[in-house]
Amino acid sequence: MRKKIIILLIIVLSLSVISGFSIGYYCLEIKKSSMTSNKVVKEVDDIGSRKKHIYSPTKIEFLDKKEGEKAQEIIPVGQDEQKRVQIPDGVEKVYWYKFGPSPMEEGNAIIAGHRDWHGELGLFSYLEKINLGETVRISYSNGSNQDFKVVSKNSYPYKEFPSRLMDTTDGDKTTLVSCTGVFIKEEKSYEKRIVVILNKKR
């Protein structure tokens with residue numbers, strides 16, 4: 001009888017662990033994007049496998065930025081209970097979608113941050129001023145750095161944001177995303193999203 005109880009407890013504990021981890025198993029391709037409540041939110045599917053990285057990004061620095069804060073910590077983010085990647089409130093940090101590639105890996109690495117929060121400008125407000133050819137440095141968890149070059153800069157109405165830009169399997173690049181344009185009070189969102197594409201410097 002005692003053995004049966006122990007075996008039953010082991011089975012129950014095993015199922016609890018499995019169900020807890022299953023929330024973190026997502027696909028690498030972000031199929032659809034929706035931006036609500038001034039948050040950059042991407043919707044993804046669940047395919048039961050977790051992306052593994054050689055090194056995670058820990059800091060981003062705009063080397064050509066002349067004034068103010070140039071660098072900020074990068075925090076890895078996953079998904080909420082609705083399987084969406086949600087960028088937390090505030091402008092103290094920027095956020096890397098950890099179930100896609102790291103910026104030094106093959107694919108499209110996504111890093112997003114708020115333009116501002118309650119009147120305070122964030123580091124990613126600089127995306128509005130950044131120029132093609134500028135250098136962006138990303139630091140990694142092993143202490144190394146990689147320099148990237150700005151190769152593209154575009155803005156899109158948030159209701160017409162191209163989902164292809166959030167495809168983490170597309171190319172070998174890093175995509176920076178933030179808000180821009182006029183803030184629409186009724187919709188609690190900026191009218192546009194700004195997207196800056198980086199390529200690794202050789």
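The values are calculated or read from the model by the stated rules, or taken from the named source; none is laboratory data. If you're wondering where the values come from, they're calculated on a predicted model, not measured in any experiment. With ideal geometry, Cβ positions are generated from the backbone for all residues, glycine too; neighbour counts draw on all protein chains shown.
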Please verify whether Pro162 is closer than 23 Å to Gln86 by Cβ, touching a Ser or Thr at 6+ places or on another chain (Cβ under 9 Å), surrounded by fewer than 19 Cβ atoms within 10 Å (Cβ to Cβ) and not polar (S, T, N, Q), treating the condition exactly as stated. yes
Considering (1) among the hydrophobic types (A, V, I, L, M, F, W, C); (2) in contact with a Phe, Trp or Tyr (Cβ under 9 Å, 6 or more places away or on another chain); (3) touching a residue at least 40 places away in the same chain (Cβ under 8 Å), say which one Val77 fails and leave the rest. (3)
Top-ranked residue in the range 137-159 [being at pLDDT 90 or above, of a type outside the set (Lys, Arg) and more than 23 Å from Glu73 (Cβ to Cβ); ranked as surrounded by the fewest Cβ atoms within 10 Å (Cβ to Cβ)]: Pro157
Look through Val85, Val77 and report the one residue that is out of contact with any Ser or Thr (no Cβ under 9 Å at 6 or more places or on another chain), of a type in the set (A, V, I, L, M) and modelled with pLDDT under 90. Val85
Here are some residues: Tyr190, Tyr158. Which one is among the hydroxyl-bearing types (Ser, Thr, Tyr), in contact with a strand residue (DSSP E or B) (Cβ under 9 Å, 6 or more places away or on another chain) and more than 20 Å from Asn108 (Cβ to Cβ)? Tyr190
Please enumerate the residues belonging to the range 165-202 that are of a type in the set (Lys, Arg) and modelled with pLDDT under 90. Lys185, Lys188, Arg202
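Determine, yes or no, whether Gly122 is more than 17 Å from Glu106 (Cα to Cα) and out of contact with any Asp or Glu (no Cβ under 7 Å at 6 or more places or on another chain).
No, not satisfied.
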